[in-house]
Amino acid sequence: MNLFIMLLISSAISIILISISFWLPQLYPDTEKLSPYECGFDPLGNARLPFSMRFFLVAILFLLFDLEIALLLPLPWAIHTTTPLFTVTLASAILILLTLGLAYEWTQGGLEWAE
């Protein structure tokens, strides 16, 4: 009986929130709201404008280090396994590899915006 009541209450709350979300926003579309946004580029201008390749290289580096955080996030739980030394060795290898890659990119001048 308790499970049925909980399902009924959660379904009612969901239906109420969904119905409110349809009536709540005030939609006044204009040309600026309806135009697509493309990362700061003017969507109505020429599509063949030159862009900075360094911007994309820095964006790829950001994604790479963001992936590093995702790889190292389960590390505190993985240390409590039967082989914590192996876990720490793998995590250290990932950090050393990324640090060497960052040092190489730095020495090659890939992190500088102005030339």
Gained length - residue 2 relative to residue 89, 0.36 nm times residue gap less alpha-carbon distance: 26.4 nm
The range 90-100 - phi-based ³J(HN,Hα) in whole Hz, Karplus 6.51/-1.76/1.60, Gly and Pro as x: 5, 5, 5, 5, 4, 5, 5, 5, 5, 5, 5
Heavy atoms of residue 5 accessible to a 1.4 Å probe, total area in Å² rounded to 10: 70
Residue 68 accessible area, 1.4 Å probe, all protein chains in place, Å² to nearest 10: 30
For residue 79, residues with placed amide H under 5 Å, excluding near neighbours: none
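The values are calculated or read from the model by the stated rules, or taken from the named source; none is laboratory data. Only a predicted model underlies this, so the values are computations on that prediction, with no experimental measurement involved. Only protein heavy atoms, including side chains, enter the accessible area calculation; ligands, DNA and RNA are left aside. Shrake-Rupley method; radii C 1.70, N 1.55, O 1.52, S 1.80 Å.
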